[in-house]
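Taken together, the values in this text are just the output of simple stated rules run on the coordinates, not laboratory data. Because the structure is predicted, anything quoted here is derived from the model rather than measured. Backbone-built Cβ (ideal geometry, glycine too); neighbour counts: all protein chains shown.
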Amino acid sequence: MEIKVMTFNIHHGKGNDRQMDLSRIAEVIEKSNVDIIGLNEVDKHFSKRSQYKDQINWLAKKLNMEHAFSPSLSLKSKNSTHVRQYGNSLLSRYPIVNEKSHLFNFIPGTIEGRSLLDATIQIKNQFVQIFVTHLSLNPFLHRKQTNFIVNQSHNFSHPMVIMGDCNMRPGSRGWRTITSKFQDVWEIGGSGIGYTYPSHRPRLRLDYLFISPHFQVVDAQVITDFPKASDHLPLKATLLFR
C-alpha cells in the first residue's frame, strides 16, 4: 500500500511577495496530490495579519480533508470571543482517530511558542502515528525538543512519520538524534540538495520527513512549482508499507 505525505511551512499564508493568500496554499496542496500534510505556522483566529481566520478549518473544508491542530501559542483577547492561536496542523484524506497536543514548555516562564501535534491516522486496518512540529532555533531548547520526540515515539509500535520545519541541518546533533531511530526520506529518495528555504532562492534544508522502518521510500521531492505561496517550499514523499 502506498501513501503520499508532505510537510509545508505555510507562513500563515503570506508568500514571498508579502501577500497573504491562503487560496495559494490550498492550490499547492491540491496539485501535489498527497494524502497526509503537516503544516507549520498556521493561524487560528490569531491576528489581523491573517484576517483572524481559522486557517486550518478553512483549508480542510476547501480540500475536503480531515484536520487536527496543535496550538503553540494561545492568547486571550478582550475584543474577541475566540482564543487567538498559532501552531501546527495536519490535513488527512484518511480518518484521524486520535490527536494530542504537547506544548514544549521546558523552561517555566518562557513563552516561545513551540509544540508537537501527535495524531493517529487509520489507513484501512493500519494505524499510522503522525508527529508534526516546528522546532526551536535555540540550541538548548532544540535539543530538549528532539529528545522529547524520540522518547514519545517509544509509546508506539505501529508506523510513524515525523514531519515539519526542524530548523536544523543534515548531520547536526538534532538530526543525528532523530535519525538514530528514524530515516530521513531525502537521504533515501531525494535527488540533489533538497533545499526548502527560502522559497525564492533556497539555500537551506530546514523541512524534513522522517519515517520509521515500517516504510520504504519510493521517492522524495521538493515542490518548486509555486514558490510565491510561502517563504518555504514543501517537501513531499511517496512511501510504501513494507
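Listing for the model above:
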| quantity | calculated |
| --- | --- |
| 2 or more residues more than 22 Å from LEU239 (Cα to Cα): qualifying strands (runs of 3 or more DSSP E) within the stretch 100-189 | 115-123 |
| Residue count, the stretch 150-192 (criterion: hydrophobic (A, V, I, L, M, F, W, C) and over 19 Å from the mean Cα position of the chain (by Cα)) | 2 |
| Yes/no for PHE182 being more than 27 Å from GLY15 (Cα to Cα) and either touching a residue at least 24 places away in the same chain (Cβ under 8 Å) or surrounded by fewer than 16 Cβ atoms within 10 Å (Cβ to Cβ) (or both) | yes |
| Residue count, the stretch 225-242 (criterion: assigned to a loop (DSSP other than H, G, I, E, B) and touching a Phe, Trp or Tyr at 6+ places or on another chain (Cβ under 8 Å)) | 6 |
| Among the residues listed as ILE162, ILE188, the single one being surrounded by 15 or more Cβ atoms within 10 Å (Cβ to Cβ), in contact with a Phe, Trp or Tyr (Cβ under 7 Å, 6 or more places away or on another chain) and of a type in the set (A, V, I, L, M, F, W, C) | ILE162 |
| Any hit, the stretch 2-15, residues being crowded, with 20+ Cβ neighbours inside 10 Å, under 27 Å from GLN129 (Cβ atoms) and small (Gly, Ala, Ser) | no |
| From ILE130, ILE96, ILE56, ILE121, residue being of a type in the set (Val, Ile, Thr), touching a residue at least 12 places away in the same chain (Cβ under 8 Å), buried (at least 18 other Cβ atoms within 10 Å of the Cβ) and over 25 Å from VAL150 (Cα atoms) | ILE56 |
